[in-house]
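Notes to accompany the following structure.
The values are calculated or read from the model by the stated rules, or taken from the named source; none is laboratory data. Source: prediction; values computed, not measured. All Cβ positions, even for glycine, are placed from backbone atoms using ideal geometry, and neighbour counts span all protein chains on display. Surface areas here come from the heavy atoms of the whole protein model, side chains and all, with no ligands, DNA or RNA. Shrake-Rupley method; radii C 1.70, N 1.55, O 1.52, S 1.80 Å.
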Amino acid sequence: MRKINLLILLCLLSVYSIGQRSTIESEMLYALEHAKTDSSKLFSLFLLIDHYNSTNPRAAIKYNKQAIDLAKKSFNEKYLGIAYKEAGTSYYYLGDYEKGVSFYLKYLRISENLHDSLGIAKAYNNLGMINMNTGKYKSALHYFSTSRNLKISMRDTLSLSNTYNNMGTCYRMLGDYKRAINYLNSALEIRIDQDEIKGIAESYHQVGTVEMLRGNADLAQGYLEKALAIKQELGDIYEIALTEIKLGELFRSQAEYAKAYTHTQAAIRIAEKYGSLEIMRDAYSELSYIYEYRGQYKKAINYNRKYQSLADSIEQQQNFKELAQLEAVYESEKAEVENKILRQRLVLDQADRERKEILIWAVGFFLLMMVMFAMLQYKNIRKRIKMNEVLVQQKEEALKQNNVLFQQKEEMFSQAEELAVQTEALALSKEELEKAKNNITSSIKYSLRIQNAIFPERKSLRKIIDYFIIYRPKDIVSGDFYWYAQSEDKQTTLIAAIDCTGHGVPGAFMSLIGHILLTEIIKSNKIYDPSKILNLLDKGVRNTLKQDITFNDDGMDVALCAIKHSQNKNNDVEVIFAGAKRPLYYFSDDKLLRIRGDIKPIGGRQSEFSTYTNYDLKLSKGDMLYLTTDGMVDQNDFLRKKYGTTRFTKTLSEIAYLPMISQKEALIYELENHQAAEEQRDDITILGVRI
């Protein structure tokens, strides 16, 4: 009875994931069909390619070709590089590593031409992936190490997790499980902190694999089952098959052959449907082992033959490609040799004719030169007599200059001794400065731990609302922070995005003051009205910083919303917004709208008697709220051009209908491609909420 219930549950999950996947595909295709500009079309194509790369790489190839052609047509070298990278990824998933390397190298060349450090780092990472999958683990580690160093220098934390994960995989294949676990856990920590769901699943899979090799079966099973659950929720077909095979291998090692068989058969069904030869090969190998351990030797031999046949077929395909390349090279070299021989014969005939003509001219020329030489010798003798007289005078002047130079040399030695003393003093000062810098950096990093400790837990917020957060400090600590609270009856949720004066350590101090004051207002006064909360916050900042006495100008800009969870008879959801120099963006009725908020900030020298305004909205289920600081719109590219409010508004209107994780990825993609290798200008915070 339990088995029947389990089968029914699996069927329901499959139907749900297929339905969800088809909805996402239809939304992406709709966006592509209605895109009006080349940039919008390329943006939609990249989202489709990324989706199909994880579900059906063969389908992604068609969109790759469209993206490459469109990027060439619009002369957009940056987007052409991205199209090459996505094409390399598609062929990588299909196991065609030769084409994958070709496209990744094109992507690397374009990134180098554009001085795009992030693109260069990604290209090295992808080349490392192909070397790793072809068994060249030491070469792969070289590529991954180069990519890691570039990402650390750029503080690209999210992308760095992928490189850590790949390095862990290489060390696993080399048998160094201790280093493997260290790198894989580093990747997992970053991905959990960044709420990167797909990456978390991959890390669970990799850690589970290493724990299995270390003999920790219970730990391995826990990690692998977590990975499978997330991949099934995402509908990532290729990755689901890999985890199914690994679970089959784990249960087989624990003599649980029925479970091993179930997981391996699931992988075979996926491979048959999507034509993945590598997955089919590995699944057949695992089934052969399962039947062998169960004593069913005929079936074991049968699946071993299937495994060998498929492995030989894959290898033969590779050999055919290499043979065709060798034949082409041979024919080319043969034709070149024949042409070279013909050219040499023509050159020899021409040289023989020219040699005879040269001999005739040479005799006449030699006689003429002899006459001219005699005349020149006579002139040279007369010149030498005059030059000797000049040299005698110059020698006398040189002796006088030597005496002067000797005196200058003694003065220079004296100055050099003084410089040596000053250099030694500077070296001591530099050491002291380095020590002071290290002490300051350590203190700031400890401040980051304190700041993170008081910020709200994302897991708790996810239980209340459907949201995504992009939080990127400019320095180690941040002047931006996000905040939320709930009323005692759980009927009202308050959310806010706050931009404090400055960034780094000064901004972080202001963020702590803001967080403490907001939390105290809610707990002590039981006030859930946004405008009243901002009035009390303004008063609290003025009193805390004694701004009436010190004339201190520090403050903060705030976007604050109260979401009422009780719906009226029209099923509308009430949202109340108040803003201090920050707007609210919201998407409703297929339009993106903007409420500017009040021009008065929190704190500073503005009039303390003016109040903040509430804006009451009636929204429907599925509408979007966006609360932001000014970090993304003020970020400049290499031409010093800001991203801008107009472009930001357009991007939000194009992505608002997408799933939350896709919206987050799309905004990060836009930001990174605009910023490229430029330094981050300010702290960046974007909070998106689905009603």
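Can I get the semi-axes of the stretch 528-581's equivalent ellipsoid? Compute them from the C-alpha gyration tensor as square roots of 5 times the eigenvalues, in angstrom, largest first.
33, 9, 6
What Kirkwood Rh does the stretch 573-624 have if only Cα atoms enter the pairwise 1/r average? Answer in Å.
Value: 12.3 Å, from the Cα pair sum.
Can you spot the lysines whose alpha carbon is less than 16 Å from LYS85's alpha carbon? Ignore those fewer than 8 places along the same chain.
LYS62, LYS65, LYS72, LYS99, LYS106, LYS122
With the crude spin-label approximation of a point 7 Å out along Cα→Cβ, what separation in nm comes out for ASN133 versus GLU457?
It works out to 3.9 nm between the two label points.
May I ask you to give the percent of accessible area on the stretch 124-276 that is carbon plus sulfur, with a probe radius of 1.4 Å?
Ligands and nucleic acids excluded, carbon and sulfur give 47 percent.
Would you mind getting me the FRET efficiency between LYS435 and ILE599? Use the beta-carbon distance for r and R0 = 35 Å, nearest 0.05.
After rounding to 0.05, the efficiency reads 0.15.
Over all pairs of distinct alpha carbons, what does the Kirkwood formula give as the hydrodynamic radius of the stretch 532-691, in Å?
17.4 Å
Given H placed on each backbone N at 1.01 Å, which residues far from GLY555 in sequence or on other chains put an amide H within less than 5 Å of it?
Amide H neighbours of GLY555: THR501.
Of the listed peptides 88-96, 191-199, what is their order by residue-averaged count of other C-beta atoms within 10 Å, with the highest listed first?
The peptides rank, most packed first, as 88-96, 191-199.
What pairs in LYS273/LYS306; LYS178/LYS198; LYS621/LYS664; LYS136/LYS178 have C-alpha atoms more than 22 Å from each other?
Beyond 22 Å: LYS178/LYS198.
So which chymotrypsin sites (Phe, Trp or Tyr not before Pro) in the stretch 626-679 pass both tests, a DSSP loop state and at most 16 other Cβ atoms within 10 Å of the Cβ?
In loop regions of the stretch 626-679 (DSSP not H, G, I, E or B), the sparsely surrounded chymotrypsin sites (Phe, Trp or Tyr not before Pro) are PHE638, TYR657.
Bin width 5 Å, alpha-carbon pairs only: give the P(r) of the stretch 581-675 as whole percents, running from 0 to the bin holding the largest distance.
It works out to 2, 11, 20, 20, 17, 13, 10, 5, 2, in whole percents.
Do any chymotrypsin sites (Phe, Trp or Tyr not before Pro) in the stretch 23-82 lie in a DSSP loop with no more than 10 other beta carbon atoms within 10 Å, and if so, which?
Counting only loop positions with at most 10 other Cβ atoms within 10 Å, the chymotrypsin sites (Phe, Trp or Tyr not before Pro) in the stretch 23-82 are PHE75.
Can you give the accessible area per residue of the stretch 136-264, in Å², using a 1.4 Å probe?
44 Å²
Output ³J(HN,Hα) for the stretch 486-501: one whole-Hz value per residue in order, computed from phi by the Karplus curve 6.51 cos²θ - 1.76 cosθ + 1.60 with θ = phi - 60°, and x for Gly and Pro.
Working through the residues one at a time gives 10, 5, 5, 8, 6, 8, 10, 10, 9, 10, 8, 10, 10, 10, 8, 4 Hz.
Using a cut-off of 11 Å between beta-carbons, work out the net charge of the residues near THR163 (Lys and Arg +1, Asp and Glu -1, THR163 not included).
Net charge around THR163: +2.
Output the Kirkwood hydrodynamic radius of the stretch 627-691, Cα pairs only, in Å rounded to one decimal.
It is 12.2 Å.
How big is the dipole moment of the stretch 574-676 about its Cα centre under a simple scheme where the beta carbon of each Lys and Arg is +1, that of each Asp and Glu is -1, and everything else is neutral? Debye, nearest 20, please.
360 debye
So which chymotrypsin sites (Phe, Trp or Tyr not before Pro) in the stretch 199-255 are both in a DSSP loop and have at most 14 other Cβ atoms within 10 Å of their Cβ?
none
Give me a comma-separated list of calculated 3J(HN,Hα) values for the stretch 212-221, in order, Karplus coefficients 6.51, -1.76, 1.60 applied at θ = phi - 60°, integers in Hz, x for any Gly or Pro.
For the stretch 212-221, the Karplus-derived couplings read 5, 5, 7, x, 9, 5, 5, 4, 4, 4 Hz, x marking Gly and Pro.
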